[in-house]
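**Student:** The structure's right below; bear with me while I get my questions together.
The values are calculated or read from the model by the stated rules, or taken from the named source; none is laboratory data. Computed from a predicted model, the values in this text were never measured in an experiment. Note: ideal-geometry Cβ built from the backbone for every residue, glycine included; neighbour counts use all protein chains shown.
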Amino acid sequence: MTSVSRRGFFGLTAAGALAAGGQAQAAATAASDLTPLTRDAQPISAEEHGARLAKLQGLMQQQKIAAFLVESGPSLEYFTGVRWHRSERTTAALIPADGRAVVVTPYFEEPSIREMLKVAADVRPWKEDESPFALLAAALREHAAGPLAVEPTTRLFIVDRVSKAATSAPTVIPGDDLIRACRMHKSSHELALMQAANNVTIAALRHTHRHVEAGMSGADILALMVSATQALGGSHEFTLVLLNEASAFPHGSIKPQQVRAGSVVLIDTGCSVHGYQSDISRSWVHGNASPRQRELWDTVKRGQELAQETAKLGVPVGAIDRTVRDFYEKKGWSRDYGLPGLSHRTGHGIGMEVHEAPYLVRNDATPLEAGMCFSDEPGLYIPGEFGIRLEDCWYMTEKGPRLFTPLARSLEEPI
């Protein structure tokens with residue numbers, strides 16, 4: 001999946017599918033013979049969370065950073081185990097370079113936060129007429145002077161108000177490099193959870209592929225994916241169903257479409273297992289494919305293969321994008337991310353978030369290292385006609401790239 005907020009998709013949402021009761025009921029019935037694939041999957045242990053926190057603090061000590069500020073989101077969960085939503089009521093942590101983390105949360109949320117917390121930390125609740133920023137600033141004053149690193153997705157108003165509440169405003173620096181150093185390389189446990197999520201998604205796609213019929217809408221197909229994902233034990237995260245001309249829009253069109261003879265059906269979907277993500281796309285033609293559809297599908301498949309062949313330890317991740325793009329351009333497709341052609345990057349990092357650093361875009365010089373995880377999705381799009389996207393996720397090992405799911409075999413056997 002290319003980078004965009006999941007809430008920003010033109011593609012159909014799970015809520016939209018389930019709101020259409022008939023489709024949802026039919027999809028649930030079709031999925032009734034599926035059994036969970038995730039029963040043996042175990043969440044990240046308290047010991048691993050503790051090791052992550054220790055690594056972060058060690059890096060801060062080396063770089064003489066006083067503390068790290070992170071609000072609710074994947075990074076807070078990564079370090080503390082607290083999986084929490086963002087709202088106008090701030091839940092955040094101040095992690096010092098030495099000592100216990102301080103978690104600030106609304107008073108009435110404290111019991112829930114304590115249930116999830118996997119590391120030793122002080123929980124400091126704030127009541128509705130109190131300031132969470134004053135609590136975070138007070139925690140910052142308790143530790144040695146130095147820069148305050150901020151997790152890159154933390155909202156500006158939190159940083160601003162913590163700085164204003166401090167006795168002397170701290171020097172604020174970006175925490176991107178700290179996050180990359182900790183989260184970019186996955187542990188064996190993380191890889192196992194990602195494998196479980198990918199197992200669910202490819203099985204759900206296989207189930208859905210069998211049940212797609214002429215006359216179905218995108219909502220009908222989405223309902224199949226949601227029901228199958230849930231029956232197989234995954235937490236459904238997103239599904240894009242792109243039909244016909246809409247398949248040329250990487251994130252969908254507002255115009256309703258139905259499956260007909262010769263339709264391109266493009267599904268881009270993912271789930272999570274204990275917080276770790278999958279992201280798989282499959283495209284096929286309902287009925288007989290035209291020579292142009294077949295040629296495009298075969299070209300995209302070769303692009304996926306070239307991405308895998310280029311992935312070697314030490315190679316800049318951008319080289320993967322350049323290799324695929326060079327291949328496409330030699331076949332006459334547009335240059336420089338133009339259309340018709342490949343208008344988005346060849347892939348993205350993935351883990352607790354569907355989109356993480358580093359990215360398979362030609363100017364990313366990050367060298368490939370063992371433990372990095374990516375999508376491989378070099379689609380091709382012809383505006384006004386159709387598009388093809390094939391996507392599988394993979395991770396780097398000392399011996400080369402390893403796929404979580406096999407690449408599509410052929411247009412007739414896409415899954």
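**Student:** Out of the residues in region 143-167 that are farther than 13 Å from Ala92 by Cβ and in contact with a Gly (Cβ under 8 Å, 6 or more places away or on another chain), state the one that is surrounded by the fewest Cβ atoms within 10 Å (Cβ to Cβ).
**Tutor:** Applying the filter and picking the extreme gives Pro152.
**Student:** Let me ask something additional. Output the number of the condition that Leu339 fails; it satisfies all remaining conditions of (1) hydrophobic (A, V, I, L, M, F, W, C); (2) over 27 Å from Ser235 (Cβ atoms); (3) touching a helix residue (DSSP H, G or I) at 6+ places or on another chain (Cβ under 7 Å).
**Tutor:** (3)
**Student:** Exactly one condition in (1) farther than 17 Å from Gly347 by Cα; (2) touching a residue at least 12 places away in the same chain (Cβ under 8 Å); (3) out of contact with any Leu (no Cβ under 8 Å at 6 or more places or on another chain) is false for Glu295; which is it?
**Tutor:** Failed condition: (2).
**Student:** Output the number of residues of region 111-133 satisfying the condition of being surrounded by fewer than 17 Cβ atoms within 10 Å (Cβ to Cβ) and in a helix (DSSP H, G or I).
**Tutor:** 5
**Student:** Which residues, taken from region 33-75, are among the polar types (S, T, N, Q) and assigned to a helix (DSSP H, G or I)?
**Tutor:** Gln57, Gln61, Gln62, Gln63, Ser75
**Student:** Here is a follow-up. Considering region 376-415 alone, what residues qualify as being hydroxyl-bearing (Ser, Thr, Tyr) and either under 19 Å from Leu313 (Cβ atoms) or in a loop (DSSP other than H, G, I, E, B) (or both)?
**Tutor:** Tyr395, Thr397, Thr405, Ser410
**Student:** With (1) more than 22 Å from the chain's Cα centre (by Cα); (2) of a type outside the set (A, V, I, L, M); (3) at pLDDT below 95 as the list, and Ser217 as the residue in question, which single condition is left unmet?
**Tutor:** Every condition holds for Ser217 apart from (3).
**Student:** Which one is surrounded by the most Cβ atoms within 10 Å (Cβ to Cβ), of the residues in region 318-337 that are assigned to a loop (DSSP other than H, G, I, E, B) and small (Gly, Ala, Ser)?
**Tutor:** Ser334
**Student:** Looking at Val82 and the list (1) without any contact (Cβ under 8 Å) to a residue 60 or more places away in the chain; (2) buried (at least 23 other Cβ atoms within 10 Å of the Cβ); (3) over 18 Å from Ile179 (Cβ atoms); (4) not basic (Lys, Arg), which single condition is not satisfied?
**Tutor:** Here Val82 meets the rest and fails (3).
**Student:** Asp268: within 26 Å of Ala219 (Cα to Cα), modelled with pLDDT of 95 or more and either hydroxyl-bearing (Ser, Thr, Tyr) or crowded, with 19+ Cβ neighbours inside 10 Å (or both), yes or no?
**Tutor:** Here the answer is yes, as Asp268 does meet what is asked.
**Student:** Then there is this: Test Ala92 against the stated conditions and say whether it is surrounded by 13 or more Cβ atoms within 10 Å (Cβ to Cβ), modelled with pLDDT under 95 and not β-branched (Val, Ile, Thr).
**Tutor:** No: the conditions fail for Ala92.
**Student:** Taking region 219-255, which residues are more than 21 Å from Leu193 (Cβ to Cβ), free of Cβ contacts under 8 Å to residues at least 60 places away in the same chain and surrounded by fewer than 20 Cβ atoms within 10 Å (Cβ to Cβ)?
**Tutor:** Lys255
**Student:** Among the residues of region 356-374, which ones are in a loop (DSSP other than H, G, I, E, B) and surrounded by 20 or more Cβ atoms within 10 Å (Cβ to Cβ)?
**Tutor:** Arg362, Leu368, Met372
**Student:** Please find, among Ala93, Ala137, Ala101, the residue that is in contact (Cβ under 8 Å) with a residue 40 or more places away in the chain and small (Gly, Ala, Ser).
**Tutor:** When all the criteria are applied, what remains is Ala101.
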